[in-house]
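Shown next, in structure tokens, is the structure this report addresses.
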Amino acid sequence: MASVANDYRVSVLSDGLPFGATVAGLTREHLESAEVRRRLNAFWIEKGVLLFRGGESSQEMQLELSRCFGTLEPHLFPESRQEGFPDLVKIKFYPEDGSYYEVNGEMRGGWLPWHCDLMYTHRINRGGILRPAQLPSSGGETGFIDQIAAYDRLPADLRDQIEGLHVVYQVEIDMSAQPFTNHGEVRLVRMAASGSNIEKRKFSYPRVIHPMVYTQIETGRKILNISPGFALGIYEDGTAKGDALLREVIEICTEPAVAYFHMWQEDDMVLWDNWRTLHCAKGVPPAQTRVMERTTIAGDYALGRPLGLDGPVADFAV
Ligand SMILES: [Fe+2]
């Protein structure tokens, strides 16, 4: 294995971007090397987003590569799991089925605002690898934002104000009903059949809270730990003032100029650190089909908490 361990190549993801890297020419043979796996892990923690391009791209490679970064777990929602492959999440939009929205006057199938995956659970997963199974002829980009750079951009007074605060999250499948996504005018036109199932039972999942700021253990860098998608407000301040503070922070975090939008090629795979990046899906024209498969790398940063009758929510007088 020593002969192949170094013959993949790394480069920047995009000039001027403070995060991300491209790893070219990686194959399953490379993954047999413990040193390669260690280096990929360290690189992922450092860069946040890794694009794998020009190497082996298959369902097998996606699963094996994902396992270099941790154990895999099935998605919380059975509707999201790929039939026969519980470790794969199927993210799909078909002209005849799939959620689509009118976003600022434009119809977008499979549109998703900025979010962190599974932020509505108290154990948010470590990351995932996304691979296209069927690409549309236009659209379908995936956006990424680095929340270490986002924290660094915050003015000092905002950093002080959010230190020690938490945000409340809840399952919400209708993206037009999310109060803190900042995408202008959004209207749900059609809900996917699978999404309707989940939406019916959304209140059976407890609300959770996550700290707005935490420190990346491996590097000591601070992370702005907020997800506009699924957020309900600041736990310590549910007033309009708290909402305004959260909106102000989200505006800075999601400034379009600092985002990277990935235009997919067929053999690409993208790995992201779900503990320090946001992502979004721009969507496709509703007449097109887009099918992606994603792994879910398990993890628990141990800072999230479910809210329940035995939890802090009971402290409030009603
Ligand atoms: Fe996602």
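Coordinate-derived values only; no laboratory data. Since this is a predicted model, take the numbers as computed values, not measurements. Neighbour counts run over all protein chains shown; Cβ positions are idealised from the backbone, glycine included.
At-a-glance table
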read-out: Value of [θ]222 nm, deg cm²/dmol, for the chain, DSSP H segments ≥ 4, -39500 (n - 2.57) each, nearest 500; value: -5500 deg cm²/dmol
read-out: In sequence order, calculated HN-Hα J values of region 191-207 (Karplus, 6.51, -1.76, 1.60; Hz; x Gly/Pro); value: 9, 4, 4, 5, x, 4, 4, 5, 4, 4, 10, 4, 6, 7, 9, x, 5
read-out: Efficiency of FRET from Cβ geometry, Asn41 and Arg247, R₀ 51 Å, rounded to 0.05; value: 0.90
read-out: Unit charges on C-beta of K, R, D, E only; dipole of region 110-197, Debye; value: 380
read-out: Amide H within-cut-off set for Glu172, under 5 Å, with H built and near neighbours excluded; value: none
read-out: Region 271-278 - phi-based ³J(HN,Hα) in whole Hz, Karplus 6.51/-1.76/1.60, Gly and Pro as x; value: 9, 10, 8, 6, 8, 8, 9, 9
read-out: Approximate spin-label separation Tyr94-Arg28, in nm, with each point projected 7 Å along Cα-to-Cβ; value: 2.9
read-out: The chain - charge dipole about Cα centre, Lys and Arg +1 at Cβ, Asp and Glu -1, debye rounded to 20; value: 240
read-out: Helix 240-253 vs. the chain, principal-axis angle (Cα, 0 to 90°, nearest 10); value: 20
read-out: Taking Asp273, Asp160, Asp237, Asp268 and counting other C-beta atoms within 10 Å, the order from fewest to most; value: Asp160, Asp237, Asp268, Asp273
read-out: Among Gly238, His262, Thr22 the positive-end extreme of the charge dipole of region 9-307 (Cβ point charges); value: Gly238
read-out: Pairwise Lys count, the chain - Cα closer than 26 Å, eight or more residues apart or different chains; value: 12
read-out: Rel. contact order, % - alpha carbon contacts under 8 angstrom, at least six apart, the chain; value: 32
read-out: Alpha-carbon centroid distance for the pair region 1-79 / region 240-278, whole angstrom; value: 21
read-out: Assigned charges on the beta-carbon of Lys, Arg, Asp, Glu; region 181-318 dipole about Cα centre (debye); value: 400
read-out: Degrees between helix 34-47 axis and first principal axis of the chain (Cα, 0 to 90, nearest 10); value: 40
read-out: Normalised convex hull volume, region 9-307, alpha-carbon set, Å³ per residue; value: 127
read-out: Gained length - Val291 relative to Asp267, 0.36 nm times residue gap less alpha-carbon distance; value: 7.3 nm
read-out: Cα lying deepest toward the dipole's positive end in region 139-287, options Gln161, Thr142, Val208, charges on Cβ; value: Val208
read-out: Charge tally in the Cβ shell below 15 Å around Ser204, where Lys, Arg are +1 and Asp, Glu are -1, Ser204 excluded; value: +1
read-out: Simple label model, 7 Å out from Cα along Cβ direction - Ser137 to Glu199, nm; value: 3.0
